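For reference, the structure discussed in these notes is given below.
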Amino acid sequence: MLVVDPELHIVEATDAYLTATGTTREALVGRPIFAAFPDNPDDPDASGVAVLGASLDRVRTEHVTDVMAIQRYDIPEPGGGFEARWWAPLNAPVLGPDGRLRWIVHRVEDVTPWVHAGQEGDERIQAEMFARLRLEERRQVLEAVVDSLDVAVIGSDAGGLPVLYNDAARALIGDRIAEMPADQWGQRLHLRHPDGSPIGGDLPLLRALRGERVRDAEVVRRAPGRAQRVFRVHSRPVDGSEVAAVVAIHEITRSRRAARLRECELAVAKAMAAGGPGERVLSEAVELIGTTIGFTVAEFWTCDDIVGQPQLTARWADPAATTPDGSPDRELPARAWRDGATTTEPAALAVPLPSGSHVLGVLVCRTDGDIPDDVRTGLAAGVAPSVGAYLERRRAERLAAELDRAHDQYIALAGHELRTPLTSIQSYTDLLLDEPGLTDDQRHMLTVIERNAAGLRAVVLKLLDVAALRSGRLDMIVQRADLAVIVREAAGRGDRPIRVDAPATAPVDGDPVRLRQVVDELLDNARAWAEDGSPVRVRLSAGSPGTALSVSVSNVGPAVRDDERDRLFDLFYRGTDARRRGVPGAGLGLSLARAVVEQHGGTLTLDDTAAGTTTFTVRLPAVSL
């Protein structure tokens, strides 16, 4: 065996090597290896220096063991000239504590007698030499294939010390892989189970050394200051003289992160859809983001334009984080809020959640190491929009509720404020009409005032009823009443004939005043839209005792537009034709009528009938027996 330094100067030689080469230690140590053993100048085909030099260069650059094929390499004789020799060489690196190459061990076996025997026709020796050549070719091909893999492949001896490994294994564990036994990997490489617990003796290679075959084991590497990495590992024992077990380690970090991002997006969307108090939903969302993706801290900041700074609304911190959980840092979300763009730091990410030009909030995530680009993209493009959609919906609901409250307050205020002066106007008008000596013009003007005041008062009373209904305080006096009487009395009001189809009696449990209000509203609506000369029809169906009642009011006239049917009962809604034709009304009647019917446990619908006919139908529960 010969030892050379990285510059290929001979450092030491064993006695066996000196005997085999016929040299002395003094003649070799300190000399370049190819100066001590040059090519035979008398052999123009000599290639020993070139072949051995290529092998030594591979060891120097790649730090791998190189087993050479049997080759001829003539050595100088003491008396001059060269002696033909055949050798089976092996070159292996020796690394220092810093991972750098210290020496190269050049071990050779003199196979000259075998070669000579083979040349003399010994078939056994020839077969053995051929087998060695084929084995070496296969080894080189296999080594090239293994080195080209992204999967780390390691073979260890019975003590767990790596003796065979490829480039991917060296990149994963480090250049000093040959000095790190498997029982030290867990602590030195920060390996854990997927649940975060130390892997200890469950390391797949150690399990293989105990005789177990392992497939699809998942191992997590959590090195401080670095992003978490995930590996799928296979290992098995090997019945060999040098290698006792092999392990294959495939990194699945990127695919696992993609799966976790999808899982997180679905979980967050589900939490948002479940609803509940806003702070609780956001707290659940940031915890899902932190635990599913693997952040150490996840926060949600609300943007307050009045205060001028983001306010922390929800925060989750990993209790098992390796770094201490300090106080929340406002600077990162403030920058994202101010710039309206995703703001990044090596170990943190802040994603603004906009609504138009307004930022509703900022999602902040932190970790011990760098946040990979695919996680940043997935969080900004997938998870954050789910939170943003929830905030947008919550903001719209809050604004709608505020608008509803303001709407109701305005209705109640307008009704009360108008009713008092209207009462005075009507009272004084009645007094004036009772005065003797009024001229016809004066009486006419007072009559107009009285009629318009009465119409306005009816609108005010409807406003007050609507406000009472929306606040749940509409007064109703439920009693046994006759719906047939109510329908006939309502049909007899006004100067337009109404065709009534009703039984003699139709008992109902309800407020007769409110039910009359409903029928009046439907008849007024039918009169307003009926074509000139066409009748308005009312049909009351009482059926047998115990069955529901129905009142249908129909008129022939313009049909209700399809795109307006769903809004017909909305408060203050007036259709396009009503506005264009100047049909009187404030958009209150149908809304109030349906509310009263629903208070009675019934329904008011616009039915599909023959072309040119509009029919509203009231259905009320049967009377209790």
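Here are some notes:
- Any hit, region 244-251, residues being at pLDDT below 90 and open to solvent by less than 20 Å² (accessible area, probe 1.4 Å): no
- The lone criterion from (1) at pLDDT below 75; (2) not in a loop (DSSP other than H, G, I, E, B) left unmet by Ala381 is number (1).
- Meets criteria (modelled with pLDDT of 80 or more and surrounded by fewer than 20 Cβ atoms within 10 Å (Cβ to Cβ)) for Ala548: yes
- Residue count for region 313-369, restricted to those that are modelled with pLDDT under 85, aliphatic (A, V, I, L, M) and either out of contact with any Gly (no Cβ under 9 Å at 6 or more places or on another chain) or surrounded by fewer than 17 Cβ atoms within 10 Å (Cβ to Cβ) (or both): 2
- Among the conditions (1) modelled with pLDDT of 85 or more; (2) in contact with a strand residue (DSSP E or B) (Cβ under 9 Å, 6 or more places away or on another chain); (3) loosely packed, with under 14 Cβ neighbours inside 10 Å, the only one that Ala50 does not satisfy is (2).
- In region 501-515, residue nearest to Ala559 (Cα to Cα) [restricted to those that are in contact with a strand residue (DSSP E or B) (Cβ under 9 Å, 6 or more places away or on another chain) and not in a loop (DSSP other than H, G, I, E, B)]: Asp501
- Taken over region 212-248, the criterion of being under 15 Å from Pro194 (Cα atoms), in contact (Cβ under 8 Å) with a residue 24 or more places away in the chain and small (Gly, Ala, Ser) is satisfied by Ala223, Ala227.
- Every residue from region 338-382 that is touching a residue at least 40 places away in the same chain (Cβ under 8 Å) and small (Gly, Ala, Ser): Ser355, Gly361, Gly369, Gly378, Gly382
- On inspection, Asp195 does not qualify as surrounded by fewer than 19 Cβ atoms within 10 Å (Cβ to Cβ) and modelled with pLDDT of 90 or more.
- Qualifying residue in region 415-428 (condition: among the small types (Gly, Ala, Ser) and either in contact with a Cys (Cβ under 6 Å, 6 or more places away or on another chain) or modelled with pLDDT under 70 (or both)): yes
- Within region 2-47, being exposed (fewer than 14 other Cβ atoms within 10 Å of the Cβ) and hydrophobic (A, V, I, L, M, F, W, C) holds for Ala16, Ala35.
- Residue check for Trp301: more than 18 Å from the chain's Cα centre (by Cα), modelled with pLDDT of 85 or more and among the hydrophobic types (A, V, I, L, M, F, W, C): yes
- Just one residue in the set Val500, Val487, Val513 is open to solvent by less than 30 Å² (accessible area, probe 1.4 Å) and either without any contact (Cβ under 8 Å) to a residue 12 or more places away in the chain or among the aliphatic types (A, V, I, L, M) (or both); that residue is Val487.
- Qualifying residue in region 149-158 (condition: open to solvent by less than 60 Å² (accessible area, probe 1.4 Å), at pLDDT 85 or above and among the acidic types (Asp, Glu)): yes
- Yes/no for Asp39 being of a type in the set (Asp, Glu), modelled with pLDDT of 80 or more and not assigned by the TED database to the domain that holds Ile177: yes
- Residue within region 71-91 that is open to solvent by less than 20 Å² (accessible area, probe 1.4 Å) and within 15 Å of Leu8 (Cα to Cα) present: yes
The values are calculated or read from the model by the stated rules, or taken from the named source; none is laboratory data. Since the model is a prediction, treat every value here as computed from it, not as a measurement. No Cβ is skipped: glycine too gets one built from the backbone with ideal geometry, and neighbour counts run over all protein chains shown. These accessible areas exclude ligands, DNA and RNA; they are computed on the full protein's heavy atoms, side chains included. Shrake-Rupley method; radii C 1.70, N 1.55, O 1.52, S 1.80 Å.
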